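K.L.:
Questions regarding the structure given below will be posed in turn.
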Amino acid sequence: MKLPGPFHITRVVESEGAFRAPDFILPDATPQAFSETRTSKDPRFVDIAGHRLIMSFHSLIVRTPRNIILVDTCVGNDKQRPTLPEWHMRNGPYLEDLAKAGYPAESITHVLCTHLHADHVGWNTRLINGRWVPTFPNAKYIMHRTEVEHWQEVQKDPEKVANHRSWNDSVQPILDAKQAVIVAGDYEIEPGVRLMPAPGHSPGNIVLVLDDGKDRAFLVGDTLHHPVQIERPHWSSRFCWDAQMSAETRTKFVSGVADTGAWVIPAHFAPPCAVQIIADKDGFWFKTAP
Ligand SMILES: [Zn+2]
């Protein structure tokens with residue numbers, strides 16, 4: 001599915017649907033607090049009867065004048081995630097769907113993980129003859145130095161099960177294959193395509209900024225998990241590394257792009273996935289393409 005807006009952005013879905021209760025994902029979204037939001041009445045984003053957030057796990061493929069950039073690689077197939085049934089030993093048609101969308105694995109020039117959580121690195125690798133190998137043979141995998149160094153340190157402690165141990169099957173094999181390019185948080189991939197640091201959800205969380213001189217799009221990963229956080233930018237997720245910093249980063253971002261016409265495309269928004277943030281008398285809100 002091509003997303004609205006002036007840039008060539010295609011969405012390939014690994015899974016989508018009603019996921020968890022609002023206050024499971026966003027601890028501040030208690031039943032009372034959530035019911036007071038406008039988003040809580042929007043059936044595109046909330047399973048109202050089931051009181052669950054509708055979420056998507058997708059990759060965004062950006063076709064630029066020079067490159068084909070795959071942003072966030074979902075959960076992946078064959079990954080051992082025993083504590084999370086939906087993610088454990090998946091066997092989905094993601095790669096076939098990517099090829100059907102016009103992007104066979106060989107065509108990807110860059111893979112960009114906005115951060116290194118398990119649902120953003122999974123398809124970095126696939127299991128071939130018992131070994132995890134890079135899924136995208138011709139791609140440079142761009143990783144933010146701060147993020148890599150943080151998780152490298154955390155995963156050294158065998159007592160800590162960080163990110164469902166996805167480092168071992170989805171990040172280390174990329175480093176071993178020498179396909180990783182470790183960069184600063186403001187790295188420019190090509191003119192008009194650059195990273196922007198957005199720390200808080202994770203230490204090295206980044207946003208991909210597309211700017212053609214006229215229009216802008218921000219692929220924000222998990223800086224926003226759900227549209228309700230546009231209305232309530234101070235609501236951080238339970239998965240945020242530093243909830244306070246995440247709230248500050250989110251609030252600054254939402255107020256900064258409001259009323260600019262920029263497209264905001266997160267990693268987990270259900271269709272229509274891309275929004276334009278606006279400021280109105282009640283605070284921040286959003287519109288979607290007709
Ligand atoms: Zn995520």
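The values are calculated or read from the model by the stated rules, or taken from the named source; none is laboratory data. The structure presented is a predicted model; accordingly, all values stated were derived computationally and were not measured. Virtual Cβ from ideal backbone geometry, glycine too; neighbours counted across all protein chains shown. Only protein heavy atoms, including side chains, enter the accessible area calculation; ligands, DNA and RNA are left aside. Shrake-Rupley method; radii C 1.70, N 1.55, O 1.52, S 1.80 Å.
K.L.:
Given a cut-off of 26 Å, name the pairs among 2/79; 178/252; 41/287; 2/178; 140/214 whose C-alpha atoms lie farther apart than that in the structure shown.
P.N.:
Working: 2/79 28 Å; 178/252 36 Å; 41/287 15 Å; 2/178 32 Å; 140/214 28 Å.
Long pairs (Cα-Cα over 26 Å): 2/79; 178/252; 2/178; 140/214.
K.L.:
Let me ask something else. Using only the alpha carbons of the stretch 1-142, what is the convex hull's orientation-averaged projected area in square nanometres? Don't skip to the end; give the middle numbers.
P.N.:
Details: hull surface 40.5 nm².
For the stretch 1-142, the mean projected area of the Cα convex hull comes to 10.1 nm².
K.L.:
Highest mean first, what order results for 227-235, 6-14, 24-32 on Cβ atoms within 10 Å? Intermediate results must be reported in sequence, preceding the final value.
P.N.:
Values: 227-235: 22.8, 6-14: 19.1, 24-32: 16.0.
Ranked by mean Cβ neighbours within 10 Å, highest first: 227-235, 6-14, 24-32.
K.L.:
Could you work out the relative contact order of the chain? I mean the mean sequence separation of Cα pairs under 8 Å and 6+ apart, divided by the number of residues, in percent. Kindly include the intermediate steps, with their values, before the conclusion.
P.N.:
Working: 627 pairs, mean separation 48.0, N = 290.
Dividing the mean separation by the residue count of the chain yields 17 percent.
K.L.:
Once every DSSP H run of n ≥ 4 in the chain is given -39500 (n - 2.57) and the sum is divided by its residues, what mean residue ellipticity at 222 nm do you get, rounded to the nearest 500 deg cm²/dmol? Spell out each step's value before the answer.
P.N.:
Numbers: 8 runs with 54 residues, N = 290.
Computed mean residue ellipticity for the chain: -4500 deg cm²/dmol.
K.L.:
Next up: Give me the tail of P(r) for the stretch 136-179 as a percent: Cα-Cα pairs with distance above 17 Å.
P.N.:
Numbers: 302 of 946 pairs.
Here the tail beyond 17 Å accounts for 32 percent of pairs.
K.L.:
Averaging the inverse of every distinct alpha carbon separation and then flipping it gives the Kirkwood radius. What is it for the stretch 133-290, in angstrom units?
P.N.:
Numbers: mean 1/r = 0.0592 Å⁻¹.
When all Cα pairs of the stretch 133-290 are included, the Kirkwood radius is 16.9 Å.
K.L.:
Next up: Could you tell me the center-to-center distance, by alpha carbons, between the stretch 135-168 and the stretch 225-269 in angstrom?
P.N.:
If you average the Cα positions of each part, the centres end up 24 Å apart.
K.L.:
Let me ask something additional. Multiplying the sequence separation of residue 289 and residue 106 by 0.36 nm and subtracting their Cα-Cα distance, what value in nm do you get? Write down the numbers at each step before the final one.
P.N.:
Working: separation 183, 0.36 × 183 = 65.88 nm, distance 3.16 nm.
Fully extending the segment from residue 289 to residue 106 adds 62.7 nm.
K.L.:
In whole Å, largest first, what are the principal axis extents of the Cα atoms in the stretch 19-102?
P.N.:
47, 36, 20
K.L.:
Taking the Cα centre of each part, how many Å lie between the stretch 1-63 and the stretch 176-211?
P.N.:
That distance is 24 Å.
K.L.:
Can you send over the carbon and sulfur percentage of the accessible area for the chain, probe radius 1.4 Å, protein chains only? Before the final figure, lay out each step's value.
P.N.:
On the way: 6470 of 12350 Å².
Carbon and sulfur: 52 percent of the exposed surface of the chain.
K.L.:
Can you give the local net charge around residue 80? Use residues other than it whose beta-carbon is closer than 10 angstrom to its beta-carbon, Lys and Arg +1, Asp and Glu -1. Let's see the in-between values first.
P.N.:
Values: positive: 79, 81, 165; negative: 78, 169.
The answer is +1.
K.L.:
In addition: Out of the GluC sites (Glu not before Pro) in the stretch 75-139, which ones are loop residues according to DSSP with at most 13 other C-beta atoms within 10 Å? Each step should come with its number before you reach the end.
P.N.:
Values: sites: 86, 96, 106; in loops: none.
Nothing satisfies the criteria.
K.L.:
Give me the three principal axis extents of the stretch 75-196 from the C-alpha atoms, as integers in angstrom, largest value leading.
P.N.:
42, 36, 23
K.L.:
Sort the following peptides by mean Cβ neighbour count (other Cβ atoms within 10 Å, averaged over residues), highest first: 213-224, 124-135. Before the final figure, lay out each step's value.
P.N.:
Numbers: 213-224: 20.9, 124-135: 16.8.
Ranking the peptides 213-224, 124-135 by packing returns 213-224, 124-135.
K.L.:
A follow-up question, please. Net charge within 14 Å of residue 217 by Cβ-Cβ distance, Lys/Arg positive one each and Asp/Glu negative one each, not counting residue 217 itself? Display every interim value, and only then the final one.
P.N.:
Working: positive: 2, 11, 63, 194, 214, 216; negative: 211, 212, 215.
Neighbourhood net charge equals +3.
K.L.:
A further question follows. Name the residue from 151, 104, 123 whose Cα lies farthest towards the positive end of the charge dipole of the stretch 8-287, charges +1 on Cβ of Lys and Arg and -1 on Cβ of Asp and Glu.
P.N.:
In the stretch 8-287, that residue is 104.
K.L.:
Next question, about the same structure. Using the heavy atoms of the protein chains and a 1.4 angstrom probe, tell me the accessible area per residue for the chain in square angstrom.
P.N.:
On the way: 12350 Å² over 290 residues.
Heavy-atom accessible area per residue stands at 43 Å².
K.L.:
While we're here: How long are the semi-axes of the equivalent ellipsoid of the chain, taking √(5λ) for every eigenvalue λ of the Cα gyration tensor, in whole Å from largest down? Present the calculation step by step, with values, prior to reporting the outcome.
P.N.:
Values: eigenvalues 155, 97, 69 Å².
Result for the chain: semi-axes of 28, 22, 19 Å.
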